[in-house]
């Protein structure tokens with residue numbers, strides 16, 4: 001029997017996966033382990049598709065995933081890309097993402113939870129269901145909590161409709177670990193656990209520049225340096241949410257820039273409109289200590 | 001009436017055809033979803049042709065992207081009412097249309113006894129005709145069991 005050979009590379013290129021992965025590489029800074037893992041999953045799916053064409057049955061791969069990591073590390077963004085990727089590979093029919101939290105799944109009184117959860121599941125069919133802060137579903141301190149009911153329905157659908165739906169659970173690492181420990185059924189049905197590391201200061205600066213570029217702004221060279229300081233100081237403060245904090249900081253810098261431009265008098269050119277200067281960032285209360293020479297740090 | 005052997009009731013689309021398979025149902029629902037129609041599942045055990053308003057099984061399903069969710073609902077309804085008539089409706093909410101665009105039966109009782117013709121004599125040798133289902137003599141929920 002002559003064995004025909006198949007060019008895996010050709011299939012890989014044909015599926016358009018490379019484009020998605022390249023976009024992921026270009027638009028998401030850092031996250032090396034995540035990208036590596038996604039590339040692995042994509043390779044597995046391509047190989048699996050070829051195997052299926054050659055009648056080498058191996059059962060549909062389980063694609064449910066768990067994304068763990070601190071806030072603002074890009075879990076939702078990666079989930080969106082994942083939906084696109086699965087669609088391109090033919091493992092998701094529509095490639096849409098339905099993002100929900102506990103509120104969308106769990107009802108407030110007896111008999112309210114099941115229809116609510118099913119409604120969401122029906123909407124997500126053919127695509128990806130992204131459950132943010134999934135650990136909130138399970139509340140051991142309240143034995144009459146309806147979260148458990150939602151988990152059970154979820155489990156059932158994850159098992160029976162594996163071809164129709166991919167579930168991605170997301171949340172903080174330690175709490176998710178706790179959640180999986182208390183729900184062994186859930187843990188065994190989730191095949192891929194992906195951990196999102198925190199960004200380094202350099203990565204955050206690069207992310208900030210990327211966000212600004214997206215908005216058609218740029219940092220002046222001095223502002224760049226100041227912003228580096230800002231990131232370092234912001235990280236030490238409570239409620240630091242990685243890229244989200246950076247986005248918020250830049251939002252505020254935009255406000256200050258607008259005010260500064262108006263106060264300086266009306267005449268502006270295109271460069272002035274685009275540039276965020278050091279003083280726009282220096283006015284932040286995070287950097288209050290830097291501004292007030294020898295003074296006490298601001299609130 | 002031997003034009004319809006087996007006394008299968010013929011309401012909505014495809015009712016003269018053999019029962020649709022799940023794959024065929026999925027394809028029909030896909031067509032409805034592509035048009036942006038809201039699909040709902042309804043059931044009844046009163047087969048009278050003028051029985052237009054059937055019971056809703058759950059709410060109409062808006063914003064669905066894929067037929068799998070609706071098929072899940074159909075299967076659940078089949079499990080709850082194995083020997084009822086179950087139909088799938090697609091509602092077109094376009095302004096000015098606002099009416100069902102599709103309606104087809106996806107589940108029917110194993111044994112459909114059919115309809116009897118009743119004649120009523122009116123004044124002046126007038127005859128009024130009506131049909132009654134043989135199944136509808138029993139109370140609701142006990143027909144077809």
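Exactly one residue among B:114, B:124 is away from chain A (no Cβ under 14 Å), more than 27 Å from residue A:114 (Cα to Cα) and either within 13 Å of the chain's Cα centre (by Cα) or surrounded by 14 or more Cβ atoms within 10 Å (Cβ to Cβ) (or both), and that residue is B:114. The one condition from (1) over 16 Å from the mean Cα position of the chain (by Cα); (2) within 14 Å of chain A (Cβ to nearest Cβ); (3) under 14 Å from residue B:37 (Cα atoms) that residue B:98 does not meet is (2). Against the numbered list (1) more than 10 Å from chain A (Cβ to nearest Cβ); (2) buried (at least 18 other Cβ atoms within 10 Å of the Cβ); (3) within 28 Å of residue B:141 (Cα to Cα), residue B:32 comes up short only at (3). Output the residues belonging to region A:153-165 that are surrounded by fewer than 16 Cβ atoms within 10 Å (Cβ to Cβ) and either under 16 Å from residue A:122 (Cβ atoms) or at pLDDT 90 or above (or both). Passing the criteria: A:156, A:160, A:163.
Quick check: is even one residue across region A:86-103 under 23 Å from residue B:66 (Cα atoms), in a helix (DSSP H, G or I) and within 14 Å of chain B (Cβ to nearest Cβ)? For region A:86-103, residues under 23 Å from residue B:66 (Cα atoms), in a helix (DSSP H, G or I) and within 14 Å of chain B (Cβ to nearest Cβ): present. When region A:1-44 is filtered for residues that are farther than 18 Å from residue A:68 by Cβ, assigned to a helix (DSSP H, G or I), touching a helix residue (DSSP H, G or I) at 6+ places or on another chain (Cβ under 7 Å) and in contact (Cβ under 8 Å) with a residue 40 or more places away in the chain, the ones remaining, listed by number, are A:8, A:15, A:17, A:20, A:21, A:24, A:42. Out of all the residues in region B:92-99, is one or more in contact with a helix residue (DSSP H, G or I) (Cβ under 6 Å, 6 or more places away or on another chain) and surrounded by 12 or more Cβ atoms within 10 Å (Cβ to Cβ)? The answer is no; no qualifying residue exists. Taking the criterion of being within 11 Å of chain B (Cβ to nearest Cβ) and out of contact with any strand residue (DSSP E or B) (no Cβ under 9 Å at 6 or more places or on another chain), the only residue of region A:126-146 that qualifies is A:126.
Screening residue A:116 on (1) within 14 Å of chain B (Cβ to nearest Cβ); (2) touching a helix residue (DSSP H, G or I) at 6+ places or on another chain (Cβ under 7 Å); (3) closer than 24 Å to residue A:29 by Cα shows it passes everything except condition (3). Pairing each residue of region B:48-65 that is touching a residue at least 60 places away in the same chain (Cβ under 8 Å) and more than 14 Å from chain A (Cβ to nearest Cβ) with any residue that is in a loop (DSSP other than H, G, I, E, B) and exposed (fewer than 15 other Cβ atoms within 10 Å of the Cβ), provided the two are 6+ apart or on different chains, yields C-beta distances under 9 Å for B:49/B:10.
Specify the residue that is farthest from residue B:21 (Cα to Cα); the eligible residues are those in region B:66-84 that are out of contact with any helix residue (DSSP H, G or I) (no Cβ under 9 Å at 6 or more places or on another chain) and within 14 Å of another protein chain (Cβ to nearest Cβ).
Within region B:66-84, the match that is farthest from residue B:21 (Cα to Cα) is B:80.
Taking first residues from region A:148-176 that are within 12 Å of chain B (Cβ to nearest Cβ) and over 25 Å from residue A:89 (Cβ atoms) and partners that are surrounded by fewer than 18 Cβ atoms within 10 Å (Cβ to Cβ) and at pLDDT 90 or above, the Cβ contacts under 9 Å between residues at least 6 apart in sequence or on separate chains come to A:153/A:114. Evaluation of residue A:57 against the conditions (1) more than 14 Å from chain B (Cβ to nearest Cβ); (2) over 30 Å from residue A:240 (Cβ atoms); (3) surrounded by 14 or more Cβ atoms within 10 Å (Cβ to Cβ) shows that the sole unmet condition is (3).
Candidates A:68, A:117: the one that is closer than 19 Å to residue A:194 by Cα and buried (at least 16 other Cβ atoms within 10 Å of the Cβ) is A:68. Considering only residues in region B:46-85 that are in a strand (DSSP E or B) and more than 16 Å from the chain's Cα centre (by Cα), the one that is surrounded by the most Cβ atoms within 10 Å (Cβ to Cβ) turns out to be B:61. With a requirement of 1 or more residues that are within 23 Å of residue B:39 (Cα to Cα) and over 20 Å from the mean Cα position of the chain (by Cα), the helices (runs of 4 or more DSSP H) lying completely within region A:114-192 that satisfy it span A:147-160.
Residue by residue, here is whether (1) within 14 Å of chain B (Cβ to nearest Cβ); (2) under 17 Å from residue A:169 (Cα atoms); (3) at pLDDT 85 or above holds:
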site: A:27; (1), (2), (3): no, no, no
site: A:32; (1), (2), (3): no, no, yes
site: A:43; (1), (2), (3): no, no, yes
site: A:67; (1), (2), (3): no, yes, yes
site: A:77; (1), (2), (3): no, yes, yes
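The values are calculated or read from the model by the stated rules, or taken from the named source; none is laboratory data. Treat the numbers as computed from the prediction; the structure is a model and nothing was measured. Heads up, the Cβs are rebuilt from the backbone with ideal geometry, glycines too, and the neighbour counts pull from every protein chain shown.
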